[in-house]
Amino acid sequence: MHTTSIRLVEPSDGPVLADLLARDKQAYVRWLPARPTEFYTPDGQASVIASLLASHAQGLAWPGVVVSEGNVIGQVTISSILRGPFQKGFLGYWVSSLHQGLGHTGRAVGLALRVAEDELDLHRLEAHTQLENLASQAILRKHGFRAWGIAHEHFYADGAWRDEMFWERNLTGGTPS
Ligand SMILES: CC(C)(COP(=O)(O)OP(=O)(O)OC[C@H]1O[C@@H](n2cnc3c(N)ncnc32)[C@H](O)[C@@H]1OP(=O)(O)O)[C@@H](O)C(=O)NCCC(=O)NCCS
């Protein structure tokens with residue numbers, strides 16, 4: 001049984017994230033946004049992490065890494081946090097192709113739900129998947145997300161606009177006082 005945990009990203013994660021992202025650049029071209037070359041370098045990741053941690057400090061995001069056996073193997077991020085009458089965030093994730101098919105992302109999403117409810121006190125998480133991303137859809141469905149619609153030509157990836165399913169998962173927290 002492989003262990004999975006999640007924690008906030010740290011500045012020292014830059015080199016390993018750059019290495020994993022560079023390794024999967026071609027494999028993920030269909031699923032993740034196109035990024036400048038700098039993004040795949042330790043310096044580029046240092047800037048990205050600094051920006052993510054600044055968003056966290058402002059209460060706008062919870063940028064996490066997925067960890068197995070002490071090694072960072074991917075990222076799970078709650079971003080676009082809206083308070084007031086919404087109390088919601090947007091969930092995104094990836095796991096290195098070296099560690100796929102082992103249930104890591106599923107467990108990481110389960111742990112992110114706990115962070116969203118217990119630590120962030122959110123009332124709702126949302127996510128998007130391309131229609132063809134069946135593994136990602138299986139993970140969301142398993143964790144109680146419901147698909148509520150399709151946004152046409154919503155995401156530009158690998159040279160074309162892609163349709164995406166919109167997913168929602170309500171939580172118990174977040175009721176404004
Ligand atoms: C999608 C991704 C996150 C899956 O990561 P993973 O760690 O391999 O996922 P897990 O092993 O936790 O779970 C995959 C689930 O999908 C299921 N699955 C895999 N391929 C499938 C397919 N073709 N059809 C249906 N279900 C499928 C598996 O059976 C598993 O479900 P189970 O736990 O009930 O058996 C990973 O491939 C990835 O990072 N891809 C690139 C980035 C990406 O697509 N991110 C999500 C954007 S919405």
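The values are calculated or read from the model by the stated rules, or taken from the named source; none is laboratory data. Fair warning: this is a prediction, and the values are worked out from it, not measured in the lab. Counting neighbours? That spans all protein chains shown, and the Cβs are built from the backbone with ideal geometry, glycine included.
Things to note:
- In the stretch 138-147, of all residues being under 18 Å from Asp163 (Cα atoms) and out of contact with any Asp or Glu (no Cβ under 9 Å at 6 or more places or on another chain), the one that is nearest to the ligand (Cβ to nearest atom) corresponds to Ala138.
- Test for Ala34: is it among the small types (Gly, Ala, Ser) and either at pLDDT below 95 or outside any helix (DSSP H, G or I) (or both): yes
- Any hit, the stretch 99-120, residues being within 14 Å of the ligand (Cβ to nearest atom), in a strand (DSSP E or B) and either at pLDDT below 95 or within 18 Å of Leu32 (Cα to Cα) (or both): no
- Filtered residues of the stretch 70-98 (kept if more than 10 Å from the chain's Cα centre (by Cα), of a type outside the set (S, T, N, Q) and either within 13 Å of the ligand (Cβ to nearest atom) or within 19 Å of Ala18 (Cα to Cα) (or both)): Gly70, Val72, Ile73, Leu98
- Failed condition for Leu113, given (1) at positive phi; (2) of a type outside the set (Lys, Arg); (3) in contact (Cβ under 8 Å) with a residue 24 or more places away in the chain: (1)
- Of the residues making up the stretch 121-137, those that are under 16 Å from Val76 (Cβ atoms) and either within 10 Å of the ligand (Cβ to nearest atom) or modelled with pLDDT under 95 (or both) are Ala127, His128, Thr129, Asn133, Ala135, Ser136.
- Reported count of residues in the stretch 61-98, each being under 24 Å from Pro15 (Cα atoms), in a strand (DSSP E or B) and in contact with a Gly (Cβ under 8 Å, 6 or more places away or on another chain), is 11.
- The C-beta contact set for the stretch 29-53 (first residue under 27 Å from Leu131 (Cα atoms), second residue surrounded by fewer than 13 Cβ atoms within 10 Å (Cβ to Cβ), distance under 6 angstrom, 6+ apart or interchain) comprises Val29/Asp158; Arg30/Asp158.
- Some residue of the stretch 2-13 being touching a helix residue (DSSP H, G or I) at 6+ places or on another chain (Cβ under 6 Å), in contact (Cβ under 8 Å) with a residue 60 or more places away in the chain and more than 13 Å from the ligand (Cβ to nearest atom): yes
- Residue in the stretch 24-44 that is out of contact with any strand residue (DSSP E or B) (no Cβ under 7 Å at 6 or more places or on another chain), surrounded by fewer than 17 Cβ atoms within 10 Å (Cβ to Cβ), within 17 Å of Pro11 (Cα to Cα) and of a type in the set (Ser, Thr, Tyr) present: no
- Scanning the stretch 150-177 for residues being in a strand (DSSP E or B), surrounded by 15 or more Cβ atoms within 10 Å (Cβ to Cβ) and not aliphatic (A, V, I, L, M) gives a total of 7.
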